[in-house]
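What follows is a single structure, written as structure tokens, with notes after it.
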Amino acid sequence: PNVNITAKNTSGCAPLCNVGFTATSSSNITKYEWNLGNGTTSSNSNIDDVCFYQSGPYSPAVTVVDNNGCKNTMATNVQVFPKPVADYKYSPNPINILNPLVNFTDISFGGNINNWFWAINPGNYGTFAQQNPSVTFQDTGVYAVHLVVTNTNGCKDTVSKAIYVYED
């Protein structure tokens, strides 16, 4: 029997969810056997809301059997891109107002990171697009320093840390 697969949402960042598959045929299909390659199996003609948690290529396949006992298998492709993991360190640590210049070092990893977005709250420090910015803090207090990293596949991750600037 002939079989076709219609797929939705078949590429994206891990975890990739809301993936769906539909098997169609002009034959009288009596049995469907799906193996999605991620541990999911099904005997339905349609599969909705499947998740692929790990990055990598997948080849979901369906085997159909028609009313004459004939079999056919068809596969399709799913590509799950790795999500980066955002992280940074800074020096000096601890920070005091007598030595307020802080160097932030990106230590993020995963999937060829090519974009960095830094924001510091509160204050008028603006945002930074370089990988390893330096900031001079103007007052003591607690600051939230946020880093958003994006890799070449458009996958993002964010980390936020409380940075303390002490009197001395």
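The values are calculated or read from the model by the stated rules, or taken from the named source; none is laboratory data. Computed from a predicted structure; not experimentally measured. Using ideal geometry, Cβ is built from the backbone for each residue, glycine included, and neighbour counts are taken over all protein chains shown. Keep in mind that these areas ignore ligands, DNA and RNA; they rest on the heavy atoms of the full protein, side chains included. Shrake-Rupley method; radii C 1.70, N 1.55, O 1.52, S 1.80 Å.
Given in Å, the Rg to one decimal and the Dmax to the nearest whole number for the Cα atoms of the chain are 24.9, 84. Within the same chain, lysines fewer than 8 places from Lys161 are excluded, and of the rest, those with a Cα less than 18 Å from its Cα are Lys89. Counting only other residues whose beta carbon sits under 14 Å from that of Val64, what net charge do I get with K and R as +1, D and E as -1? With Lys, Arg at +1 and Asp, Glu at -1, the net is 0.
Share of antiparallel DSSP beta bridges in the chain, in percent to the nearest 5?
Within the chain, antiparallel bridges account for around 90 percent of the total.
Under the simplified labelling scheme, the Thr127-Ile97 pair shows an inter-label distance of 3.0 nm, with each label point 7 Å from Cα along Cα→Cβ. For region 76-126, the mean projected area of the C-alpha convex hull, equal to one quarter of the hull surface, is 5.3 nm². 3J(HN,Hα) along region 103-110: 9, 9, 10, 6, 10, 5, 8, x Hz, from the Karplus curve 6.51 cos²θ - 1.76 cosθ + 1.60 with θ = phi - 60°, whole Hz, x for Gly and Pro. If you take the Cα centroid of region 105-168 and the Cα centroid of region 1-67, the two points sit 41 Å apart. Based on Cα contacts under 8 Å between residues 6+ apart, region 61-161 shows a relative contact order of 28 percent.
Could you size up the charge dipole of region 1-147 around its Cα centre, putting +1 on the beta carbon of Lys and Arg and -1 on that of Asp and Glu, and report it in debye to the nearest 20? Value, rounded to 20: 200 debye. Taking the accessible area of the chain, probe 1.4 Å, and keeping the other protein chains in place, the carbon and sulfur fraction comes to 45%.
Cross-link partners of Lys71 among aspartates and glutamates, defined as those whose alpha carbon lies under 14 angstrom from its own and excluding same-chain residues fewer than eight positions apart: Glu33.
Tell me the Kirkwood hydrodynamic radius of region 15-56 in angstroms, computed as one over the mean inverse distance between distinct C-alpha pairs.
Values: mean 1/r = 0.0880 Å⁻¹.
Averaging 1/r across every pair of different Cα atoms and inverting gives 11.4 Å.
Heavy atoms of the protein chains alone define the surface here; on that basis the chain has 54 Å² accessible area per residue at 1.4 Å probe size. Net charge of the neighbourhood of Ile107, taken over other residues with C-beta under 14 Å away and scored Lys/Arg +1, Asp/Glu -1, is -1.
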